[in-house]
Amino acid sequence: MKPEKPKRNRGLTLTREGWQKLQNAKLEWEFRKNNGSKYTLEELSEQAGITPVTFRKILTRETGVDKRTLVRLFMMFNLELDVSDYTSPDFDLKGQEDLKNPKRVDWGEMVDVSVFYGRTDELTLLEQWLIQERCRVVALLGMGGIGKTSLAAKLSQKVQGWFEYVIWRSLYNAPPLFDLLANLIQFFSNEQVLETDLPKSVDGRISQLIEYLQQQRCLIVLDNVETILQTGAYAGCYREGYEDYGLLIKRLGQVMHQSSLVLTSREKPKDIASLAGETLAVRSLQLSGLEVVAGQKIFEAKGFSGSESELPAVVERYAGNALALKIVATTIQ
């Protein structure tokens, strides 16, 4: 009878400190070896000697891996794996449970992203902007159907444990900023501020909102910002009656606080354009289409299969636009 092989512990994920250490080393490593340009997930996986799937598990911290894999990855970046760098999801260290459970969450009309394909590099970058670099305003930009809302939703789910308050609001019906600010203030005050106690001006309400964003770490997601922008006019200009949204973006981008505002829009609001920069607290990310592999999975989810050339050709024909691919798959079905 052969002795049983010892089971490998696959229940370890990086702690916040371990994840930050790895991200810092990865950035420095890419700067030295690739002139600051990012390596793809596949390139990094090959050099580390682990599969892309396992590499993704480590970066997203959603699924545990064995300790040997973490040691190998840390060694690649000339790091030593300390006990403070990892934990078991089944036995969190004291204090980490608080990080994984915000005080209050209001997902509003956030879309369901239980099925989500691709965007690994974008998620990693956005997590770095929000968690490590603490950007105050981040805009996700791209054409309709490209996947901005889904990416924002997936990002919000992944980083919610780093914030005390998380709220998602859609601007699809173009709510007046005056009313939206009332909703945000009451949420962050745990409904302690009554409607009659709110400031009577937009400027006053923005100031009160900022006070909450300074006192506690909050995440605000505003989806469909293009609905408050003019169409057929100068790019990024606001519709008549919605100019105050520009004031909100500007003040949240310029004033010191510990929170983050994430926007999705088909075009870049002018205040994002004037405030954003690669090393500044305001950033923007222009989304391109899904990679071929991720696009193919949309068809596979509908029960389709094709040759090595058929499905990639369809994905490329529609430029990796997630919505267009779903419509095409449904039409074929």
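The values are calculated or read from the model by the stated rules, or taken from the named source; none is laboratory data. Values in this document were obtained by computation on a predicted structure and should not be read as measured data. Note: ideal-geometry Cβ built from the backbone for every residue, glycine included; neighbour counts use all protein chains shown. When the accessible area is computed, the model is the full protein with side chains, heavy atoms only, and any ligands, DNA or RNA have been set aside. Shrake-Rupley method; radii C 1.70, N 1.55, O 1.52, S 1.80 Å.
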Qualifying positions in region 13-53 - open to solvent by 80 Å² or more (accessible area, probe 1.4 Å), in contact (Cβ under 8 Å) with a residue 40 or more places away in the chain and either more than 23 Å from residue 83 (Cα to Cα) or among the small types (Gly, Ala, Ser) (or both): 38
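What is the residue count in region 152-169 for residues that are out of contact with any Leu (no Cβ under 8 Å at 6 or more places or on another chain) and of a type in the set (S, T, N, Q)?
Just the residues of region 152-169 that are out of contact with any Leu (no Cβ under 8 Å at 6 or more places or on another chain), to begin with: 153, 157, 164, 168.
Pick out the ones that are also of a type in the set (S, T, N, Q) and you get 157.
The qualifying residues number 1.
For region 1-75, which fully contained helices (runs of 4 or more DSSP H) count at least 2 residues that are at pLDDT below 80?
Details: elements: 16-34, 41-48, 52-60.
In region 1-75, 16-34 are the helices (runs of 4 or more DSSP H) which contain 2 or more residues that are at pLDDT below 80.
Take the residues in region 110-140 that are of a type outside the set (A, V, I, L, M, F, W, C) and touching a strand residue (DSSP E or B) at 6+ places or on another chain (Cβ under 8 Å), then tell me which one is surrounded by the fewest Cβ atoms within 10 Å (Cβ to Cβ).
Residues of region 110-140 of a type outside the set (A, V, I, L, M, F, W, C): 112, 114, 117-122, 124, 127-128, 132-134, 136.
Now drop any that are not touching a strand residue (DSSP E or B) at 6+ places or on another chain (Cβ under 8 Å), which leaves 122, 134, 136.
Numbers: 122: 17, 134: 14, 136: 23.
Selected residue: 134.
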Members of region 168-188 that are over 22 Å from residue 229 (Cα atoms) and crowded, with 18+ Cβ neighbours inside 10 Å: 185, 187, 188
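Of everything in region 166-202, what is part of a loop (DSSP other than H, G, I, E, B) and basic (Lys, Arg)? Give them in sequence order. Walk me through how you get there before you give the answer.
Start the filter on region 166-202 by keeping residues that are part of a loop (DSSP other than H, G, I, E, B), which leaves 171-176, 189-194, 198-201.
Matches in region 166-202: 200 only.
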Residue within region 237-245 that is on the phi < 0 side of the Ramachandran plot, surrounded by fewer than 15 Cβ atoms within 10 Å (Cβ to Cβ) and at pLDDT below 65 present: no
Sole residue being free of Cβ contacts under 8 Å to residues at least 40 places away in the same chain, open to solvent by 10 Å² or more (accessible area, probe 1.4 Å), under 19 Å from residue 107 (Cβ atoms) and among the acidic types (Asp, Glu), chosen from 195, 191, 211: 191
Qualifying residue in region 218-227 (condition: assigned to a helix (DSSP H, G or I), more than 13 Å from residue 141 (Cβ to Cβ) and either out of contact with any strand residue (DSSP E or B) (no Cβ under 7 Å at 6 or more places or on another chain) or aliphatic (A, V, I, L, M) (or both)): yes
Scan of region 252-296 for residues that are surrounded by fewer than 19 Cβ atoms within 10 Å (Cβ to Cβ) and modelled with pLDDT under 60, ordered by number: 291, 292, 293
